[in-house]
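Before any comments, here is the structure.
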Amino acid sequence: MTNVNNYLGGKYDSAQSILFGLYRDSSLAAGVSFMLQHPFQEYVQHSLEQYNLGGNSMWNDGLQYFKNQVDDDEDIRNLLLYSVDQQTLYVLGHNRQLKIVPTNRAHSYIPDVMALESKSVELPNVWVREAAEQWDNNLYAIRTPINDKQTLKNIGQQTVYYSTDGIWKVLKNDKDELKGSILVLSPDGGVLFDSSNQYDGKPYPFMDQISSLYENRGSNQNDYVTKLTQSKGNFSVIGIIPKKELDASSRKIGSTIFMISAICIFFAILIPFLVVMSVAKRTNQIIRFTRKVKQGDLSARIPDVREDELGQISRSFNDMVEELNHYIDRVYKANIKQKHTELTALQARVNPHFLYNTLEVIRMRAISQGAHDVGEMIYSLSALFRSFVQQKKMYTLKDELEACRLYLELFQIRYKDKFTYSIVCDRKLARIRVMKMSLQPIIENYIVHGLRSESTDNELHIRVEQIEEFLHVQVEDNGNGISPQRLNELEAFLQDEETEGESFGLRSIHHRLKLLYGSEYGVKLQSELHKGTVIDISLPIDGGEGVHDV
């Protein structure tokens, strides 16, 4: 009923829009006004004169405009234009032929019919049907007055005959399952449409009962009735269904609901039962593998690949065991390396006080002989040895950079104007914990292998900065550089964990960082022969506290 109501409302708007389109074009509206206010022969003659004078061709398109409207809407059977002044009826059909019917008041009732103002959807008038020779009962009419655009005087009427076949197109999806009947009634009780084909084109005999119903719905002894009223065309859509059909449908619906409810109850019991059994089985599996790990079997893995909560627990358990294996392996190896480093340091600590005192005697002797540069070198060496041997609970980046500075001071004195260095570090990073001897061996490599003693522009730059979650240290020089072949050998040497090398070399730093902090930390090399070397060292910004917590 709602679809029928909306469809007829749309057709009412379409009929009105035909004249709205006419009024929007001034030339076209002037031509149609001239046609309705003058004999047709004068209209034709006037149109030809306008065309010959080079006037607007829209004067000739008045009838063509209405013909196009008929062709564009397949539901239109006829479009009629009535002239009040000439008492003439122009009839257009889908054959695009124009029929002109004189309707003199003395010989026809059509002028009286057209004089009755109506803006509603109604049945076609019998006198107009006779003049248009249109006797199809499956029609409804929409009348609209035509006014002169300049004077606003009523000069005629437009009447559009629509076929009810369009209503059946709206109902085609529900036609086979339609219960009862749908009627469309005009204000005077004429049946514009009847889905039962009983009252088409006739007055509805029960109009008094329909008018006495409430706006939406009501009932009588045998039927349920629903009513929709359309304010645009002042027509009503009535739905009538016999009570026995409704009761039969209700019983069928009740049986269907009962059957569906029984099936839903069955599955409502079955599905939770299966889910609970599956969860219990998988939970027992998790408990069984947890006991295996508790007993020391770290190779146990839960074979569960599902994406639900238990699957996530299983994957988390497997990841935890995997990380536990890696952590044990990493800490074990790190402890071995650390013990080896400590042993080497202990072997080097041969009576350090005797060494300091001896170096101090040599330094004072050099100063007394006037060799002040030798005295400075001995002082820097003594301070450097003291920093290496001294045991501190917390070794920071500041301590490591100070050791590098003392070492570089020795060689700056040695090479005087041939060597310069710089250390750039933000003070807020100075107290970060770092691994001891993580930078000094790299500086030593440059002095031993990279420094060019014959050149006067030797430079070494140490830059420290924070990049995201990393403490990034870059050591850059302009020394001898490394050949591509040797660079490849060094990179392979850094990745080899089995081959033993120097304790404080590049490989020792690289492996100790990876063992203590993780695989994302370590040393990277970049070098070009005779142009210098860049070494990047990645350290944890938190000093490795997160690793120790794990």
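The values are calculated or read from the model by the stated rules, or taken from the named source; none is laboratory data. Note that the structure is predicted; figures quoted are calculated from it, not measured. Here the Cβ positions follow ideal geometry from the backbone for every residue, glycine too, while neighbour counts run over all protein chains shown. In case anyone asks, the SASA skips ligands and DNA or RNA and just uses the protein heavy atoms, side chains included. Shrake-Rupley method; radii C 1.70, N 1.55, O 1.52, S 1.80 Å.
The table that follows gives values for the structure above.
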quantity	calculated
With DNA, RNA and ligands ignored, accessible area of L529 (1.4 Å probe; Å², nearest 10)	80
Subset of K99/K232; K67/K227; K67/K232 violating a 32 Å alpha-carbon distance limit	K67/K227
Rounded to 10°, Cα long-axis angle of helix 62-72 versus longest principal axis of the chain	60
Solvent exposure, largest accessible area first (probe 1.4 Å, DNA, RNA and ligands not counted), of K398, K175	K398, K175
Between the range 25-43 and the range 407-445, the Cα center-to-center distance that results, in Å	103
Pairs of lysine residues in the range 397-550 - Cα separation under 21 Å, sequence separation of 8 or more or cross-chain	7
Solvent accessible area, Å² - T456, 1.4 Å probe, full protein context	100
1.4 Å probe accessible area per residue over the range 76-162, in Å²	48
Surrounding net charge for P303, when Lys and Arg each add one and Asp and Glu each subtract one, Cβ distance under 12 Å	+4
Relative contact order for the chain, counting Cα pairs under 8 Å that sit 6 or more residues apart, in percent	8
The range 90-181, relative contact order [Cα under 8 Å, separation at least 6], %	18
Structure-derived P(r) over Cα pairs in 10 Å bins from 0, in percent - corresponding label in (i) 3, 16, 23, 23, 16, 9, 6, 3, 1, 0; (ii) 3, 12, 14, 10, 6, 5, 4, 5, 9, 12, 10, 6, 3, 1, 0, 0; (iii) 3, 15, 22, 18, 12, 9, 7, 4, 2, 2, 2, 2, 1, 1, 0, 0	(ii)
Relative contact order (percent, whole number), the range 135-235, Cα cutoff 8 Å, 6+ residue spacing	18
Exposure rank, largest accessible area first [I146, I467, I265; 1.4 Å]	I265, I467, I146
Share of carbon and sulfur in the accessible heavy-atom surface of the chain [1.4 Å probe, %]	54
